[in-house]
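The block underneath contains the structure these notes are about, expressed in structure tokens.
The values are calculated or read from the model by the stated rules, or taken from the named source; none is laboratory data. As the structure is a prediction and not an experimental result, all values here were calculated from the model. Glycine also receives a Cβ, built like all others from the backbone with ideal geometry; neighbour counts cover every protein chain displayed.
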Amino acid sequence: MNIWAIVPAGGHGRRMGSQTPKQYLTVSGSAVISHSLQRLLEIDVIKRIVVALPKDDEEFASLPEANEPRIVTATGGAQRQESVLNGLHALDAAADDWVLVHDAVRPCVRCTDIRHLIEVLREHPVGGLLGAPVDHTLKQIDARGVVTNTLDRSNCWHAFTPQMFRYGILRDALEQAHALGNTTTDEAGAVEALGMAPQMVMGAKDNIKITHEADLVMASKILEYQEQSR
């Protein structure tokens with residue numbers, strides 16, 4: 001049984017007001033995606049990492065990671081799930097192999113958390129994902145922004161990546177979503193649509209996703225702290 005990884009890297013910088021795709025913005029001296037890939041490369045049991053890139057990508061080839069023998073590229077799609085599916089098709093994997101999907105813009109994921117995820121799920125029939133309990137009060141609002149309800153957060157968790165699933169299950173889940181025209185925001189959602197139950201695995205809350213400009217500042221501080229804590 002092999003363990004593979006896919007990194008969908010088709011994001012843009014629109015919400016940050018940047019012309020540069022957010023995965024190529026610089027944080028702590030390197031591109032955001034470089035940090036993410038380096039964390040995966042530290043996990044020796046990962047056989048290959050597929051980076052799913054837009055057709056017109058001109059940035060990745062200039063990164064040091066482009067020359068890593070364990071990293072290959074595939075053409076991404078219009079949606080995240082299409083990019084991941086293309087990455088799956090680029091793998092010569094067996095149905096019960098494991099595939100980790102990690103956001104290109106989560107540069108602060110801890111290697112200890114990735115190893116813990118793999119260890120916890122090693123014998124799991126489906127797979128699961130890193131996450132953490134919701135801390136803040138959750139409010140439901142209407143179209144006008146008016147609060148209509150306070151939700152019970154006791155059973156709510158934030159979903160992080162990597163998300164790790166059996167190759168065959170993940171492929172079937174994403175192919176079904178594509179065939180039905182459904183769009184899922186993460187791999188776990190597609191697997192849930194098959195009627196399966198992913199396992200949530202506790203991860204560090206500093207595994208943030210770069211979405212807004214302020215996230216770059218936060219990520220820089222987190223990376224600095226993690227380096228000092230080694």
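Numbers for the structure displayed
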read-out	value
Search result, residues across the stretch 11-27 that are modelled with pLDDT of 70 or more and surrounded by 18 or more Cβ atoms within 10 Å (Cβ to Cβ)	Pro21, Lys22, Gln23, Tyr24, Leu25, Val27
Within the stretch 123-138, considering residues that are under 19 Å from Gly168 (Cβ atoms), touching a residue at least 12 places away in the same chain (Cβ under 8 Å) and more than 16 Å from the chain's Cα centre (by Cα), the one surrounded by the fewest Cβ atoms within 10 Å (Cβ to Cβ)	Pro125
Residue count, the stretch 96-109 (criterion: within 13 Å of the chain's Cα centre (by Cα) and not aliphatic (A, V, I, L, M))	5
Strands (runs of 3 or more DSSP E) within the stretch 80-196 that include 1 or more residues in contact with a Cys (Cβ under 8 Å, 6 or more places away or on another chain) and not polar (S, T, N, Q)	127-133, 138-141
